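This report concerns only the one structure given below.
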Amino acid sequence: MHVLQNKWIASNTFEMKLTGRFVNSMKQPGQFLHIKVGDGTSHVLRRPLSIANVDHHIVTVIYKIVGKGTKWLSERKIGETVDVIGPRGTGFPIEGVRNEHIVLIGGGVGVPPLYYLGRKLVQQSNTVTSVLGFQGKDGVFYEDAFRELGETLITTDDGSYGYKGRVTDLIGVLNQDVTQYFSCGPKPMLKGVSETFTIPGFISLEERMGCGVGACFACVCETSDPEDSKGYRKICQDGPVFPAGEVVL
Amino acid sequence: MHVLQNKWIASNTFEMKLTGRFVNSMKQPGQFLHIKVGDGTSHVLRRPLSIANVDHHIVTVIYKIVGKGTKWLSERKIGETVDVIGPRGTGFPIEGVRNEHIVLIGGGVGVPPLYYLGRKLVQQSNTVTSVLGFQGKDGVFYEDAFRELGETLITTDDGSYGYKGRVTDLIGVLNQDVTQYFSCGPKPMLKGVSETFTIPGFISLEERMGCGVGACFACVCETSDPEDSKGYRKICQDGPVFPAGEVVL
Amino acid sequence: MDLRVSLPGLELKNPILPASGCFGFGREFSEFYDLNELGAITIKAATSEGRFGNPTPRVAETSGGMLNAIGLQNPGVKRIMEEELKFLEQYETPILANVAGSTEEEYVEVARELGAHHRVNALELNISCPNVKEGGIQFGTDPSLAASLTRAVKSVSEVPVYVKLSPNTGDIVEMAKAVEGAGADGLSMINTLVGMKLDLGTGRPILANGTGGLSGPSIKPVAIRMVYQVSQAVSIPIIGMGGVTCVEDVLEFLLAGASAVAVGTANFQNPLICPELIEQLPELMDRCGYGSVQACIGRSFKHEETSLSGT
Amino acid sequence: MDLRVSLPGLELKNPILPASGCFGFGREFSEFYDLNELGAITIKAATSEGRFGNPTPRVAETSGGMLNAIGLQNPGVKRIMEEELKFLEQYETPILANVAGSTEEEYVEVARELGAHHRVNALELNISCPNVKEGGIQFGTDPSLAASLTRAVKSVSEVPVYVKLSPNTGDIVEMAKAVEGAGADGLSMINTLVGMKLDLGTGRPILANGTGGLSGPSIKPVAIRMVYQVSQAVSIPIIGMGGVTCVEDVLEFLLAGASAVAVGTANFQNPLICPELIEQLPELMDRCGYGSVQACIGRSFKHEETSLSGT
Ligand SMILES: Cc1cc2nc3c(=O)[nH]c(=O)nc-3n(C[C@H](O)[C@H](O)[C@H](O)COP(=O)(O)OP(=O)(O)OC[C@H]3O[C@@H](n4cnc5c(N)ncnc54)[C@H](O)[C@@H]3O)c2cc1C
Ligand SMILES: Cc1cc2nc3c(=O)[nH]c(=O)nc-3n(C[C@H](O)[C@H](O)[C@H](O)COP(=O)(O)OP(=O)(O)OC[C@H]3O[C@@H](n4cnc5c(N)ncnc54)[C@H](O)[C@@H]3O)c2cc1C
Ligand SMILES: Cc1cc2nc3c(=O)[nH]c(=O)nc-3n(C[C@H](O)[C@H](O)[C@H](O)COP(=O)(O)O)c2cc1C
Ligand SMILES: Cc1cc2nc3c(=O)[nH]c(=O)nc-3n(C[C@H](O)[C@H](O)[C@H](O)COP(=O)(O)O)c2cc1C
Ligand code: FES
Ligand code: FES
């Protein structure tokens, strides 16, 4: 796919816009792109990045530089080509979700897929409240974009912006009419979120991936139900989104 | 060093002009630059390329794409930086060479260092005749540049340009007043050249290199003199240029 | 250009097959291309009962390679036959079924069942999985254990048996000869080298299992060397693998002495790698002056023999 | 930040030293920086007589690594002492002298001479050179031969003896324990993995020697795994090496259990790599929360022990 934009939007965080094949099949929020990084075979594994938005043949990903692959990505210039497989995985099941009050809960690099999700939900006449957690003020991104979708609460670990603390701390103050939650972020956060809420919800998991297409069994997680016929789920194929409670966190 | 130019000049052959540190120390023709190719550690060995010219803080190399490293080099764009160690090695000993008639004999990627050598020799009031061999018409480069230095004979393996045959075939027709020869090219050519000539000469060798600085013993060749106290020479340090007959070809 | 290779149990229309464990049971890749294009399909290791495998993380990237410690996760031989081989019935491509186990009895049981399945053309005895304590690696590092296991499996298998060798040994030739002597019909080599990567943040190994198997371009020189040495020491054919990412690598394995070439890790970077290699191979062989795959096999040393004997 | 490490015979002011064979005798690199910056210097293998080594080509590049088959070229122990150690007298950096040979007698002779030289602080017994038929590799793959050689060398050496282990073995821990039992004062690991690369044009191996030793980033996961396993099984210190190219790699070796870290192949890409690593190490250690090199050593498993024992 072609790079249309690749810009710094927050501390070590970049927003990349791509266009090319596949974009039209990117319809379900929560899916990811599987991106080749580096030249030749210097990096044998692709990097999964969530779809943060799709708009007029343009797909957006938002990524944080954490290692060599994301570093390499951040150095791509406009007009260059990036080798992308996607969309992969099973995203948030929002078909038919209408006129509900949904809360989106995201932490760090779990925030990006929630934006596309929120946009879709609003298009489907839902009310959306977003609770987004970041490490600190420097790391906050897309605040205004989320505000356009609905009420948006920001937390930072160090209190340098918004509420000081974790997103789970705010669950109690949420409006009682919330009907469902969708969440993406680090495992401890997802655990906290799914243990705190009593309403139904869906969570999106991360795991180190090999193939990213369901063939290598690198990314499995256990099902909560010991009677489940398979006993496991593949995050790259059955997920990354699962109904809260389906898999062991 | 900074890339000032990187252009196709003949079949699979590129001319790259660089500027930066070191250029002022590049005084002896026949030395080489030791160039890092690829990103990070995808290629652990540098590539040796002869200095083809030095002019006003600009150094020229001419290279043929034969593998991944030269391919990578050919994709460098103006303004990019290339990591260069150099000048390395011992070149042609031309200090004090004046008013002689010198013949330069080069084959393929052995031609580039002869151009800088020829320029220096002409500056030192020598007469220069060049005999340059290429695979075919498409591969010929720098013909006009050499003609400006003196008489220039071109041979091609397939006869598609100039004389058909090998550079050694032309040694017989050279003017009798030739006093020295300097040669660079593939080993069989150097062998032919040094066996045909009776006058003194210098030849420049190629070998796969590890360090390129004399520390790893990858690039040694045997001395012809079995009584030589070391018995070997390092091409990257003692050479690549040797008096004809000093080392075993 | 003749790409055919005829191996015990496997009539390959071209020498390219996916390596076990990197291709699941073919289902996912069938979305990318028609599996009938492949020379053969190696399916993921089967054990007698289903196994969940190791805790995650199970993979980590290294310079020019990767580590995996999947831990032989598979649904067990029964479900593999019922669900996966069933799915593969729609294709004609020969199937090489990878067999794993903790005990000789388990190997024998799995081999008996899979070898009797009409869709399985040959077995690949995985005595080299470094990632589970009870994964057969003990068989893969001791030539006499390997030989006795090979003999036991051969005695029950209805199809030819390829033994997959571990590179984690000081003497690969000895191992190869031992299993050849025990009746192996062919060899697969190499499995992964045992490696480790630490997470500098936590100070601990990235893989939950601690160590993992190193695969990818990094290990190709080791694989080429082993295929080169073993193919000159045995007379059974070798399926070569380890770090193949491009058509030049395929030719290198053939020249080193492999009769077919399996592609593992590279499927992860490029799901279309196998059909691309099949498409590109004739042109490269032609350029290098080979008229058939058969003519390439072992050329590196056959060549030498010829020139040494003075002709 | 305390970078000091105290090892048998070697008082290192920092844990970085060049690996044997990738640094000659220091002369060439002394043009790039002051050798006094180094923790120690490992010099190229010495044999009793000068050796010319293997025919060229002696090196080939691989994906993320390289093969070499230099073949122990060196001017012989006498000239090394007269010319090279003489040159190194101007520096204060401790010297680890690499000892090779074809027979036990040769090793013993070289070790006696080098060990008696006032400029040599410790010996590194190279029982792992894969590149010459008579290069000691037989000692490196057989634990009892390795132990007897170690004993013989220890009995004549005036300085501590480090044994350099080969990774081309199925059981590195057994080998390490054997030489520890025979009196080794320390271990160096790893030497190169045996590999090969073919030239597709000629069909033959690129290296004139056929096989060569694989080094560079490719082999790092194997090296880390071996250091991790061995450091938990022995109580003598380890000089770790294999594929170090950046300061993160240095820390990874320390955490895995190495007490010092040698840099080989990376000197070829960046002649300034050693001083650069020394300069960068404090910042990285600080960022990862380590106050001294000592605190890093073996942290990967010491950590585990702690958490397993529940504290
Ligand atoms: C389904 C999914 C969606 C994701 N979406 C986003 C996103 O939208 N934005 C974003 O910034 N990050 C996202 N991540 C995390 C992202 O994939 C990693 O940060 C990235 O792969 C790190 O690559 P690297 O080369 O920079 O790091 P390195 O540490 O050098 O990577 C080495 C290897 O580890 C893997 N790895 C490292 N960290 C992670 C991680 N947290 N999760 C999975 N694999 C990892 C890499 O993929 C690679 O194989 C997502 C992960 C998953 C599984
Ligand atoms: C002193 C010297 C001067 C040279 N000058 C020139 C020049 O001016 N122009 C030019 O086009 N070429 C020159 N060469 C050859 C050039 O170095 C190789 O063509 C180049 O290194 C190939 O790199 P690659 O990555 O494209 O090929 P690959 O085959 O992928 O390289 C793999 C490895 O082999 C080495 N290698 C491959 N071919 C050669 C060779 N012929 N000589 C030495 N090493 C080789 C590479 O350096 C690398 O380490 C010179 C070689 C030497 C030794
Ligand atoms: C994720 C993964 C899973 C693997 N699983 C198996 C397996 O189940 N059985 C087996 O024999 N080999 C298994 N292997 C080893 C490969 O089949 C192959 O031998 C090895 O990876 C070297 O080839 P490559 O470098 O092309 O990947 C696995 C390799 C990987 C990377
Ligand atoms: C060109 C070259 C020459 C070597 N010569 C020796 C040697 O003489 N003695 C020795 O013990 N190891 C020798 N080695 C092995 C290195 O010391 C080191 O163990 C190995 O290369 C792994 O480290 P690296 O990946 O950092 O290079 C040599 C390695 C290379 C690349
Ligand atoms: S990453 Fe291979 S199965 Fe999910
Ligand atoms: S390349 Fe290392 S000595 Fe010449």
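The values are calculated or read from the model by the stated rules, or taken from the named source; none is laboratory data. Keep in mind it's a predicted model, so treat the numbers as computed, not measured. Don't worry about glycine lacking a Cβ; one is built from the backbone with ideal geometry, like all the others, and counts go over all protein chains shown.
Per-structure values
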item	result
Residue in the range B:225-233 that is more than 7 Å from chain D (Cβ to nearest Cβ), more than 16 Å from ligand 1 (Cβ to nearest atom) and closer than 24 Å to B:H34 by Cβ present	yes
Members of the range A:210-219 that are without any contact (Cβ under 8 Å) to a residue 60 or more places away in the chain and away from ligand 3 (no atom under 12 Å from the Cβ)	A:G214
Positions within the range A:170-188 being more than 17 Å from A:L114 (Cα to Cα) and at pLDDT 90 or above, in sequence order	A:P188
Breaking point among (1) buried (at least 21 other Cβ atoms within 10 Å of the Cβ); (2) within 14 Å of chain B (Cβ to nearest Cβ), for A:G67	(1)
Residue count for the range C:64-80, restricted to those that are away from chain D (no Cβ under 14 Å) and either within 16 Å of ligand 2 (Cβ to nearest atom) or surrounded by 20 or more Cβ atoms within 10 Å (Cβ to Cβ) (or both)	8
Residue in the range A:22-46 that is nearest to the other protein chains (Cβ to nearest Cβ), counting only those that are outside any loop (DSSP other than H, G, I, E, B) and surrounded by fewer than 23 Cβ atoms within 10 Å (Cβ to Cβ)	A:S25
Among the residues listed as B:G118, B:G210, the single one being on the phi < 0 side of the Ramachandran plot, modelled with pLDDT of 95 or more, within 16 Å of ligand 4 (Cβ to nearest atom) and of a type outside the set (V, I, T)	B:G210
Long-range neighbours under 7 Å by Cβ, at least six apart or interchain, first residue without any contact (Cβ under 8 Å) to a residue 12 or more places away in the chain within the range B:57-79, second more than 16 Å from ligand 6 (Cβ to nearest atom)	B:K71/B:I65
Sole exception among (1) within 16 Å of ligand 2 (Cβ to nearest atom); (2) not in a helix (DSSP H, G or I) for B:D138, by number	(2)
Candidate set: the range C:144-165, residues that are within 14 Å of chain D (Cβ to nearest Cβ) and modelled with pLDDT under 95; chosen: the one farthest from C:E113 (Cα to Cα)	C:S144
Residues satisfying the stated conditions in the range C:253-285, i.e. assigned to a helix (DSSP H, G or I) and within 15 Å of the chain's Cα centre (by Cα)	C:F253, C:L254, C:A266, C:N267, C:C274
Sole residue being touching a Gly at 6+ places or on another chain (Cβ under 7 Å), assigned to a helix (DSSP H, G or I), at pLDDT 95 or above and within 23 Å of C:I41 (Cα to Cα), chosen from C:V250, C:V227, C:V222	C:V227
Hey, C:A223 within 12 Å of chain D (Cβ to nearest Cβ), touching a residue at least 40 places away in the same chain (Cβ under 8 Å), closer than 23 Å to D:S63 by Cα and among the hydrophobic types (A, V, I, L, M, F, W, C) or not	yes
Those residues of the range C:1-48 which are of a type outside the set (F, W, Y), within 12 Å of another protein chain (Cβ to nearest Cβ) and more than 16 Å from the chain's Cα centre (by Cα), in sequence order	C:R27, C:E28, C:S30, C:E31
Residue in the range A:204-213 that is in a strand (DSSP E or B), surrounded by 15 or more Cβ atoms within 10 Å (Cβ to Cβ) and within 14 Å of chain C (Cβ to nearest Cβ) present	no
Verdict on B:F217 being within 14 Å of another protein chain (Cβ to nearest Cβ), away from ligand 5 (no atom under 16 Å from the Cβ) and over 15 Å from B:I105 (Cβ atoms)	yes
Leading residue by the ranking (modelled with the lowest pLDDT) among those in the range B:152-169 that are loosely packed, with under 15 Cβ neighbours inside 10 Å and not polar (S, T, N, Q)	B:G165
Residues of the range C:186-200 that turn out to be more than 7 Å from chain D (Cβ to nearest Cβ) and surrounded by fewer than 24 Cβ atoms within 10 Å (Cβ to Cβ), as a count	1
Within the range C:236-251, considering residues that are in contact with a Ser or Thr (Cβ under 9 Å, 6 or more places away or on another chain) and without any contact (Cβ under 8 Å) to a residue 40 or more places away in the chain, the one nearest to C:N168 (Cα to Cα)	C:V244
Qualifying residue in the range B:234-246 (condition: buried (at least 19 other Cβ atoms within 10 Å of the Cβ), modelled with pLDDT under 95, under 28 Å from B:I35 (Cβ atoms) and within 14 Å of another protein chain (Cβ to nearest Cβ))	yes
Cβ-Cβ under 6 Å pairs, at least 6 apart or on other chains, the range A:129-140 side touching a residue at least 40 places away in the same chain (Cβ under 8 Å), far side surrounded by 24 or more Cβ atoms within 10 Å (Cβ to Cβ) and in a strand (DSSP E or B)	A:T129/A:V103; A:V131/A:I105; A:G133/A:G107; A:V140/A:F134
Restricting the range C:204-220 to residues that are within 7 Å of chain D (Cβ to nearest Cβ), closer than 18 Å to D:M226 by Cβ and of a type outside the set (S, T, Y), the residue that is farthest from ligand 5 (Cβ to nearest atom)	C:R204
Residue check for D:P55: over 17 Å from D:A97 (Cβ atoms), touching a strand residue (DSSP E or B) at 6+ places or on another chain (Cβ under 7 Å) and more than 14 Å from chain C (Cβ to nearest Cβ)	no
Count - residues of the range A:220-242 that are assigned to a loop (DSSP other than H, G, I, E, B), more than 18 Å from C:P18 (Cβ to Cβ) and either in contact (Cβ under 8 Å) with a residue 40 or more places away in the chain or among the aromatic types (F, W, Y) (or both)	3
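Results for (1) basic (K, R); (2) over 16 Å from D:S215 (Cβ atoms); (3) touching a strand residue (DSSP E or B) at 6+ places or on another chain (Cβ under 6 Å), shown as yes or no for each residue.
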| position | (1), (2), (3) |
| --- | --- |
| D:T42 | no, no, yes |
| D:G50 | no, yes, no |
| D:E61 | no, no, no |
| D:P75 | no, yes, no |
| D:M81 | no, yes, no |
| D:P94 | no, yes, yes |
| D:A100 | no, yes, yes |
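Here's the yes/no breakdown for (1) within 17 Å of A:G20 (Cα to Cα); (2) in contact with a Ser or Thr (Cβ under 9 Å, 6 or more places away or on another chain):
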residue	(1), (2)
A:S42	no, yes
A:P48	no, no
A:V54	yes, yes
A:V59	yes, yes
A:K64	no, yes
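Yes or no, residue by residue, for (1) over 25 Å from C:S218 (Cα atoms); (2) in contact with a helix residue (DSSP H, G or I) (Cβ under 7 Å, 6 or more places away or on another chain); (3) within 16 Å of ligand 5 (Cβ to nearest atom):
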{"site": "A:M1", "(1), (2), (3)": "yes, no, no"}
{"site": "A:K7", "(1), (2), (3)": "yes, no, no"}
{"site": "A:N12", "(1), (2), (3)": "yes, no, no"}
{"site": "A:M26", "(1), (2), (3)": "yes, no, no"}
{"site": "A:S42", "(1), (2), (3)": "no, no, no"}
{"site": "A:R46", "(1), (2), (3)": "no, yes, yes"}
{"site": "A:I62", "(1), (2), (3)": "yes, yes, no"}
{"site": "A:V66", "(1), (2), (3)": "no, no, no"}
